[in-house]
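One structure is given below, encoded as structure tokens.
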Amino acid sequence: MIVLRPPESPGIHLSVSEIVDLLWLNAALSDGVKHIHARAGADCVEVGVFTVASEQSISDYIVRKVCGRAIHNVPALRGWSIHRP
């Protein structure tokens, strides 16, 4: 699991399903992502991603790359940050 936090300043508020859709749009076929689930926390969004990776460390790397790609590519996610729980 990974945690995404929005920027401190008020801005665009996204639903959990919108965030999942944006992550899917930034997942490449070669990432091996099979399922993305997210749930809203008090000040964050917790994201769980299932991949076909053979090791947990590889899966963790893929999840960080997909989330980083989304934050970099999607204007509505600019300023968001990635955290480990």
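The values are calculated or read from the model by the stated rules, or taken from the named source; none is laboratory data. If you're wondering where the values come from, they're calculated on a predicted model, not measured in any experiment. Every residue, glycine as well, gets a Cβ built from its backbone with ideal geometry; the counts of neighbours run over all protein chains shown. These accessible areas exclude ligands, DNA and RNA; they are computed on the full protein's heavy atoms, side chains included. Shrake-Rupley method; radii C 1.70, N 1.55, O 1.52, S 1.80 Å.
List of remarks:
- Yes/no for SER59 being open to solvent by 20 Å² or more (accessible area, probe 1.4 Å), in a helix (DSSP H, G or I) and free of Cβ contacts under 8 Å to residues at least 24 places away in the same chain: no
- Subset of the range 68-81 (residues that are β-branched (Val, Ile, Thr) and either assigned to a helix (DSSP H, G or I) or loosely packed, with under 12 Cβ neighbours inside 10 Å (or both)): ILE71
- Failed criterion for ASP43 (all others in (1) over 12 Å from the mean Cα position of the chain (by Cα); (2) assigned to a helix (DSSP H, G or I); (3) of a type in the set (Asp, Glu) hold): (2)
- Candidate set from the range 1-40 (those that are part of a loop (DSSP other than H, G, I, E, B) and modelled with pLDDT of 95 or more); member that is most open to solvent (accessible area, probe 1.4 Å): ALA28
- Given (1) open to solvent by less than 30 Å² (accessible area, probe 1.4 Å); (2) at pLDDT 95 or above; (3) not polar (S, T, N, Q), index of the condition LYS65 fails: (1)
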